Amino acid sequence: MSRVAHHTAEELADLKHRAPLLRLDGVTKTFPGVKALDDVSFDVRHGEVHALLGENGAGKSTLMKVLAGVHRANSGTIHLNGEPVEVNSPLEAKARGIVLVHQELSLAPELSVAENIFLGSLPTKRFGLVSWKRLNAAATHILDRLGVKFESYDRVGDLSIANQQMVEIARALVFTPKVVVFDEPTASLTDAEKVVLFDVIAGLKKEGTGIVYISHRMDEIFTLSDRITVLRDGQTRGTLNTRDTDEDGVTRLMIGRSLDKSARKAAPEPGPVALEVKGLSCGDLFRDISFSLRRGEVVGMYGLVGAGRTEIAETIFGLRAKDGGEIRIDGAPVDISGPPDAIRHGVALAPESRKEQGLVLGMNCRDNMSLSQLDAVSRGGWLDRGAEQAIYDEYAGRLSLKAPSWRTPVRNLSGGNQQKVVLGKWLGVKPRVLIVDEPTRGIDVGSKSEIHALIRRLAAEGIAVLVISSEMPEVLAVSDRILALYHGRLAREFAAADVTEDALVQAISGL
Amino acid sequence: MTKLDIQSGQAAPRLGVPDRDALRETLQKQGILIAFALFLVGFSLMSDRFASWDNVSTVFRQVSIIGTMALGVTVVVITGNLDLSVGSLLSFATVLVVDLHDQIGPAPAILVMFAATLLIGCVNGLLVGYGRLNSLIVTLGMLSAIQGLTLIYSGGQNVDIADQEGTWFAVFGRGFLLGLAVPTLIFLGLAVAFHVMLTRTSFGRRVFAVGGNPTASAFSGVRRARVVFSAYVLSAFTTACAAVILGSRVMGSQNNVGQGYELLVLSGVILGGASLLGGSGSIPKTVIGVLILGFIQNGLLLMGYPYYAQWLVTWVVIILAVWLDVASKRGAFFTRTS
Ligand SMILES: Nc1ncnc2c1ncn2[C@@H]1O[C@H](COP(=O)(O)OP(=O)(O)OP(=O)(O)O)[C@@H](O)[C@H]1O
Ligand SMILES: [Mg+2]
């Protein structure tokens with residue numbers, strides 16, 4: 001405070017103008033058995049992007065949920081524009097201009113895009129009837145701003161996850177908000193949509209809106225943010241000006257060490273072909289896909305969202321019917337008509353959407369992990385709890401899962417830790433062929449490199465692994481070979497040794 | 001770190017109340033037990049006969065039919081479906097077993113009745129499981145279909161067993177073993193078996209998974225149709241067991257004995273805290289839910305209220321239970337609107 005005296009009058013005026021728009025002080029929040037936040041303080045200035053960083057389970061989402069009235073803190077205060085305020089419900093938060101774009105989608109799948117955007121404040125005409133004309137017009141206005149390719153009357157459940165995320169973002173723009181919190185908004189967005197989102201954020205910033213931005217992607221943090229606050233185990237580790245620090249500095253603050261960037265060991269000679277796909281086609285989703293996976297090999301599948309990567313994986317796993325082509329496992333043609341067949345043939349798929357496809361949210365961590373291999377953990381229909389516990393213990397350890405106990409319902413885990421349960425559920429199967437779809441979505445930088453190492457180790461144990469990802473660094477980090485997909489076609493195949501980022505970008509854009 | 005509010009100079013409002021969480025969690029988990037205990041204490045204070053061994057064992061015997069049926073229905077509810085056909089299925093099964101008793105003898109009668117009842121369960125299971133039809137519509141339709149079937153079978157006549165003293169069939173409804181009524185033993189024995197099945201077998205795990213998240217279960221290789229099908233067969237099985245108890249106790253049957261039982265059974269299951277959305281529920285809690293219904297009925301009778309008072313009180317208790325559940329989840333007894 002003593003340094004204030006040395007400021008010039010001009011600087012002081014500026015400082016006053018930049019006085020915090022929002023301030024959280026001494027926020028503590030406990031859940032049964034967990035101290036999620038321990039005396040955390042945090043502030044956001046007018047027109048600032050303040051990034052919130054921390055490992056999975058550090059308390060980022062919880063802090064923001066306290067701010068948005070979703071959770072009630074045990075203690076602490078909130079000031080908005082210098083005034084102490086109480087925020088007891090999401091509605092109250094909204095009324096005060098605080099908007100949270102949730103990490104987990106919170107949309108009503110049966111309703112239209114427009115209804116979802118305006119939920120709780122639908123424009124009405126006489127007798128309280130919804131004015132569909134005004135509703136759709138207003139929604140279209142917001143959607144235009146986001147440059148999306150779907151219509152206001154589309155059913156949300158029919159949209160891709162990326163587009164659902166855009167609807168979630170659109171909701172935040174309905175009112176002129178004072179503070180917008182983005183909790184990992186880009187986890188499932190394509191690059192094109194990311195650009196739009198960043199434009200939107202820049203626009204909000206210009207209007208003086210305070211923005212909190214949570215992400216595990218360092219490049220985004222460093223392009224967008226003005227300041228960075230690092231949380232660790234529910235405590236603030238420090239707030240830094242973005243321009244005074246770098247990735248390594250932040251990472252050390254976050255996980256207490258630097259990231260191990262050492263080059264990975266050269267893969268041993270791959271074994272025989274485990275999975276072979278010949279001329280696989282499915283409607284207009286993808287056509288004539290042929291590739292093979294060898295034991296001991298990690299193959300990356302890279303392409304834009306919508307290029308057909310997930311659909312190929314789901315077809316191999318028996319969730320979609322193919323209209324042409326052949327799938328061979330260990331050389332023999334197989335007919336896979338559903339996941340049980342696939343699992344019997346030793347194929348495992350860790351799906352991309354943890355909440356919808358990966359987890360039974362109300363079930364505990366251990367039971368979720370063993371759900372993919374109930375036959376292996378039971379004898380004559382009787383569950384062997386010891387075997388289940390062994391799987392849980394092994395993968396909770398290998399993935400450094402942060403959960404109060406195995407009994408905790410996965411619903412109560414942080415997003416990244418939920419993702420770890422999904423991974424554990426499928427890595428634990430020890431299949432012949434392992435397909436992981438966006439394996440590190442929502443996972444912090446430290447665990448990410450551990451998971452990459454784990455995937456390579458599994459390959460070294462003789463599993464053929466297919467990694468689907470829209471993150472280039474990830475594909476480059478884990479793959480021995482890379483399949484580039486463009487519009488449902490296999491555009492090119494690269495050996496990891498001689499791939500360049502440029503060549504990859506060209507291949508997935510059809511150049 | 002200073003807590004002084006430099007900006008406004010005002011004392012800032014505190015954000016919440018500590019330690020409400022612990023209370024809420026206990027309420028949420030043990031709410032049904034607490035309510036049960038309160039009931040017992042309340043009734044024993046109001047009537048000194050209430051807490052007697054005689055009375056308690058009477059209540060157990062009385063709830064044994066509904067309780068037995070509730071075991072199978074609990075499994076169906078955990079898969080995220082409903083079974084409203086159990087009431088008329090009970091009528092059908094009881095009429096069948098009683099009528100056949102004198103014609104082909106008790107053992108064959110029981111066998112035929114089980115086969116016919118399970119077959120109807122299979123139809124429910126096929127339609128809801130494999131046909132993916134809405135369970136409410138399927139089982140509501142089945143409710144009236146079975147009513148028709150029962151009347152066609154009996155020609156509208158009530159049936160009874162001629163030699164009520166001389167048949168060993170009487171043991172299921174009227175017998176005692178080690179001082180306990182056989183119906184109570186059947187109910188509690190099946191409850192233990194179902195509890196073990198739900199918590200210790202891979203089938204039980206699949207039941208919870210299918211109800212909790214059908215999509216994720218499919219991705220995990222769980223065959224939803226098969227699990228739902230089995231749940232309906234189990235529901236028919238427990239109803240068949242209840243029909244044996246009922247037929248044997250009454251030694252006769254009207255065409256509509258089971259009328260309204262589907263709602264009583266479902267009330268017990270819901271009181272036990274199973275969610276109609278699926279994915280949650282437990283046998284011990286269902287047993288307690290059913291006992292609450294039984295003790296309400298019994299307590300009111302002891303206090304001299306007419307038997308139909310229990311319908312009203314039961315409704316109030318169910319609303320209270322559901323409300324308590326919702327309230328403990330949201331942490332307030334009313335939603336505040338701002
Ligand atoms: N509803 C809840 N009930 C119980 N515990 C919870 C609940 N929500 C969060 N927690 C716990 O609080 C801690 C912080 O979780 P939070 O979701 O804030 O983490 P996060 O920093 O957002 O992590 P991530 O990067 O994985 O999203 C975790 O240990 C989590 O298990
Ligand atoms: Mg989070």
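The values are calculated or read from the model by the stated rules, or taken from the named source; none is laboratory data. Source: prediction; values computed, not measured. Using ideal geometry, Cβ is built from the backbone for each residue, glycine included, and neighbour counts are taken over all protein chains shown. Areas reflect the complete protein model, heavy atoms only, side chains present, ligands, DNA and RNA absent. Shrake-Rupley method; radii C 1.70, N 1.55, O 1.52, S 1.80 Å.
So if I check each of A:Ala396, A:Ala307, which one is in contact (Cβ under 8 Å) with a residue 24 or more places away in the chain, outside any helix (DSSP H, G or I) and touching a Phe, Trp or Tyr at 6+ places or on another chain (Cβ under 8 Å)?
A:Ala307
Quick one: in region A:31-41, of everything that is open to solvent by 10 Å² or more (accessible area, probe 1.4 Å) and in contact with a strand residue (DSSP E or B) (Cβ under 6 Å, 6 or more places away or on another chain), which residue is nearest to ligand 2 (Cβ to nearest atom)?
A:Ala36
May I ask you to list the residues in region A:371-386 that are more than 8 Å from chain B (Cβ to nearest Cβ) and either open to solvent by less than 30 Å² (accessible area, probe 1.4 Å) or in contact (Cβ under 8 Å) with a residue 60 or more places away in the chain (or both)?
Scanning region A:371-386 gives a single hit, A:Gln373.
May I ask you to list the residues in region A:54-88 that are open to solvent by less than 10 Å² (accessible area, probe 1.4 Å), small (Gly, Ala, Ser) and not in a loop (DSSP other than H, G, I, E, B)?
Residues satisfying the conditions are A:Gly54, A:Gly76.
Do you know which of the residues in region A:401-430 that are more than 15 Å from ligand 1 (Cβ to nearest atom) and part of a loop (DSSP other than H, G, I, E, B) is least open to solvent (accessible area, probe 1.4 Å)?
A:Gly428
When you look at A:Arg398, is it surrounded by fewer than 21 Cβ atoms within 10 Å (Cβ to Cβ) and either assigned by TED's automatic domain parsing to the domain that holds A:Val298 or polar (S, T, N, Q) (or both), yes or no?
yes
Applying the selection to region A:436-447, what residues are closer than 17 Å to A:His216 by Cα and more than 10 Å from ligand 1 (Cβ to nearest atom)?
A:Glu438, A:Pro439, A:Thr440, A:Arg441, A:Val445, A:Gly446 - these are the residues of region A:436-447 that are closer than 17 Å to A:His216 by Cα and more than 10 Å from ligand 1 (Cβ to nearest atom).
Is one or more of the residues making up region A:200-212 modelled with pLDDT of 90 or more, within 16 Å of ligand 1 (Cβ to nearest atom) and under 30 Å from A:Thr176 (Cβ atoms)?
Within region A:200-212 (the criterion being modelled with pLDDT of 90 or more, within 16 Å of ligand 1 (Cβ to nearest atom) and under 30 Å from A:Thr176 (Cβ atoms)), the answer is yes, since at least one residue qualifies.
Can you find a residue in region A:483-502 that is touching a residue at least 12 places away in the same chain (Cβ under 8 Å), hydroxyl-bearing (Ser, Thr, Tyr), in contact with a helix residue (DSSP H, G or I) (Cβ under 9 Å, 6 or more places away or on another chain) and not in a helix (DSSP H, G or I)?
yes
When you look at A:Val433, is it surrounded by 21 or more Cβ atoms within 10 Å (Cβ to Cβ), away from ligand 1 (no atom under 15 Å from the Cβ) and outside the structural domain of A:Thr30 (by TED's automatic domain parsing), yes or no?
yes
Determine which single condition A:Leu173 fails, assuming it passes every other condition in (1) away from ligand 1 (no atom under 16 Å from the Cβ); (2) modelled with pLDDT of 90 or more.
For A:Leu173, the exception is condition (2).
Just checking, which of A:Leu401, A:Leu349, A:Leu359, A:Leu423 is more than 9 Å from chain B (Cβ to nearest Cβ) and in contact (Cβ under 8 Å) with a residue 60 or more places away in the chain?
The unique qualifying residue is A:Leu423.
Would you check which residues across region A:471-491 are surrounded by fewer than 24 Cβ atoms within 10 Å (Cβ to Cβ) and among the hydroxyl-bearing types (Ser, Thr, Tyr) and list them?
A:Tyr486
Check B:Lys285 against each of (1) more than 23 Å from B:Leu188 (Cβ to Cβ); (2) at pLDDT 85 or above and name the one condition it does not meet.
Failing condition for B:Lys285: (1).
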